[in-house]
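> I have a structure I would like to understand better, so I am pasting it below and will then ask my questions one at a time.
Values in this text are rule-based calculations from the coordinates and carry no lab data. In this text the structure is predicted, and so the values were computed from the model without any measurement. Cβ atoms come from the backbone with ideal geometry, glycine included; neighbour counts cover every protein chain shown.
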Amino acid sequence: MSALRSRTRTRTWTRTRTRDAARLAAELARPPSRRDAAPILGGLVLGIGAGVALERAAMLGENHRPDPEAGEPFGMLPGTKHTVTSWDGTELHVEERGEGPCLIFAHGFALAGSAWHYQRRDLHERFRCVFVDTRGHGASGRSASGDYSLEAVARDLAAVIEWTGERQVILVAHSMSGMAALKLAELDPGFFHDRLAGLALVSTSYADTLRGMASALATRSAAKVQLAIYTAAYRFVGADPHRAHGLRRRGSDMGYLTTRLGGFGPRPSPKQVAFTDQLLIGTDVEVWSQVFTGLLDFDMSHVLETLSVPALVVTGDTDRLFPLTAAEHMAATIPDARLLVLPDTGHMAFMEKHEQLDAELTAFADRVMARVDR
């Protein structure tokens, strides 16, 4: 009799677990909405919170999804390695592949130059592709001056541009580096105009994270409550980054799921998500502490209309970190800008829709470099 009860409990638990997995799978495939505020900022972007049972149920469904990218050798396409000494003595790790017009690829917060896997693979036959690890990220050294501000990252980009020896380059900047590119335009507009043939802003914003989220939310009372949740969660990370980083690293499944929800659109490649999660986990806690807080209080809106170089503004229509309105505003305000909205795509647009993005980058580079050659 007890054996029968045990089998019954097991079947009930299995059905419940499968049902929970199906529900979370549907949630992960859903485009973002206002009701995402609490779960994301309760820790989904950073891997804080959520129960073990839900975590395991979600992974049960995730592990059985087909993945067309399963055989892709992420992180296994190294280029020629260089060390660039930045303005304060910080040693930056740079890799390059190919020859031709120069494209510099700069990554987002807590990632590395290796994140541009598909661009390494597919663009080096046409272009000189330079991939930089910003200070404290990837194989680059820690900040020699202790400065991890947005201004410091902007000056790192200037150092790499100078190092290339190219007359002009195209800067392809994702997320944090897109903000740093705008900061560089503010700090040294002459250098920016003279050395950049074009600027691709990928999944980024012109103002801090909280301002961007505020613009994405309606002004009704419920949205105000959600914005307060956003603010509290981000301030938590800024105030206690060691704890936040430690919580994120605690469980690989939880980290994977939070990266999937916060960084990708519906139905992403599990291999892409896992690779991104490993880059996030590998970033030192000092970088989380120093860099993240610098992303909470800036506003480059006044720079947009002064940009004198052609720009390609790229965003995913399901980016949960930056609202579509931010990209629309940048494209409408920068004098020579084009907006590219990638469907069913999240924050990691350069991975998720790499074929479309690479084609757009190639066309953009051909157009702006033709001006340089005249």
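> Less than 15 Å from a label point 7 Å out along the Cα-to-Cβ axis of HIS193: which backbone N atoms in the range 315-344 qualify, by residue?
The answer is 335-336, whose backbone nitrogens lie closer than 15 Å to the label point.
> With bins 10 Å wide starting at 0, give me the P(r) of the range 268-347 over every alpha carbon pair, in whole percents.
15, 32, 36, 16, 0
> Now, a different point. Describe numerically, in nm with one decimal, the distance between label points set 7 Å from Cα along Cα→Cβ at GLN278 and at ARG142.
Distance between label points: 2.5 nm.
> Just subtract the alpha-carbon distance of ARG65 and LYS271 from 0.36 nm times their residue separation and send over the number in nm, one decimal.
Gain on stretching ARG65 to LYS271: 73.1 nm.
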